[in-house]
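Here is the structure we will look at, set down as structure tokens.
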Amino acid sequence: DGGITQSPKYLFRKEGQNVTLSCEQNLNHDAMYWYRQDPGQGLRLIYYSQIVNDFQKGDIAEGYSVSREKKESFPLTVTSAQKNPTAFYLCASSIRGEGSYEQYFGPGTRLTVT
Amino acid sequence: GESVGLHLPTLSVQEGDNSIINCAYSNSASDYFIWYKQESGKGPQFIIDIRSNMDKRQGQRVTVLLNKTVKHLSLQIAATQPGDSAVYFCAEGNQGGKLIFGQGTELSVKP
């Protein structure tokens, strides 16, 4: 059963703590993406990776970090420097990073920081 | 530019009617367009896509129309059902591999 998994579904943290969100895919896709979604708004790109061991900043990368050590995994760390971390985080993958292709999304992680 | 405010555009239709959701895109160089459906608390699901060398594409109960002259994209849903209630996003892409998402439209289907 191929797809993208994100865990956990809900995550609660205290302000000032770093937190890492998991994203795994078994679709053998080269490219992976992290988006942030706030209520009533569209998806904003945080980071993306077109190939293993390489990644680029998206539109709102400040306060976030990523790694891409394995093709199937693209974890996102929300650091204490992120001013408004409470949001719904979505991970996606696509078959290739170059060119235009459908992105497949995971179920999302809702992060609440208090 | 960024969306401001917390209220999505909303389209309310009667069950069985056809729905048309519109989207204006920003980049004339975009060559790929895609519609996603997002139910509350879930990740977006692919509905249909279209490349810039086409102006119409049909799927099961859905049709996407592309007007490059005015940079406009629409999604038509035939015989709308309660299960179609969701937020619908359009996205545009180019050779760089990234997608740029619109704000979304909330579709509400009245039984």
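A few points about this structure:
- Calculated accessible area for chain B comes out at 52 Å² per residue, all protein chains present (probe 1.4 Å; ligands, DNA, RNA ignored).
- Percentage, to the nearest whole number, of Cα pairs in chain A over 17 Å apart: 50
- Only Lys, Arg, Asp and Glu carry charge here, each on its Cβ (+1 for the first two, -1 for the last two); on that basis chain B has a dipole of about 220 debye about its Cα centre.
- The alpha carbon gyration tensor of region B:34-111 gives principal lengths a ≥ b ≥ c with a/c of 1.5 or higher and a/b no greater than b/c, which makes the shape oblate.
- Of the residues B:Asn53, B:Tyr88, B:Thr63, the one whose Cα sits farthest towards the positive end of the charge dipole of region B:1-108 is B:Asn53 (charges of +1 on Lys and Arg Cβ, -1 on Asp and Glu Cβ, taken about the Cα centre).
- Protection proxy ranking, peptides B:21-32, A:67-78, average beta carbon neighbours within 10 Å, highest first: A:67-78, B:21-32
- Remark: region B:17-30, residue by residue, has Karplus-estimated 3J(HN,Hα) of 6, 8, 10, 10, 10, 10, 8, 9, 9, 9, 10, 5, 8, 5 Hz, where x stands for each Gly or Pro and the curve is 6.51 cos²θ - 1.76 cosθ + 1.60 at θ = phi - 60°.
- Cβ charges +1 (Lys, Arg) and -1 (Asp, Glu), total dipole of chain A, debye: 380
- Charged-residue dipole, Cβ positions (Lys, Arg, Asp, Glu), region A:20-67 about Cα centre, Debye nearest 20: 80
- Cβ-based charge dipole, the protein assembly as shown, positive-most Cα from A:Ser94, B:Asn27, A:Ser49: A:Ser49
- Compactness of the protein assembly as shown - radius of gyration and Dmax, Cα, Å: 17.5, 51
- Chains A and B together, accessible area buried on both sides, 1.4 angstrom probe, square angstrom: 2000
- Considering only A:Thr20, A:Phe74, A:Gly58, the residue lying farthest towards the positive end of the dipole of the protein assembly as shown is A:Thr20, judged by Cα position with unit charges set on Cβ.
- A straight line joining the Cα centroids of region A:77-95 and region B:1-76 runs 25 Å.
The values are calculated or read from the model by the stated rules, or taken from the named source; none is laboratory data. The model shown is predicted, which means the values in this text are computed figures rather than measured ones. Neighbour counts are summed over all protein chains in view; Cβ atoms, including those assigned to glycine, are modelled from backbone coordinates with ideal geometry. Just the protein is used for accessible areas: all its heavy atoms, side chains included, with ligands, DNA and RNA removed. Shrake-Rupley method; radii C 1.70, N 1.55, O 1.52, S 1.80 Å.
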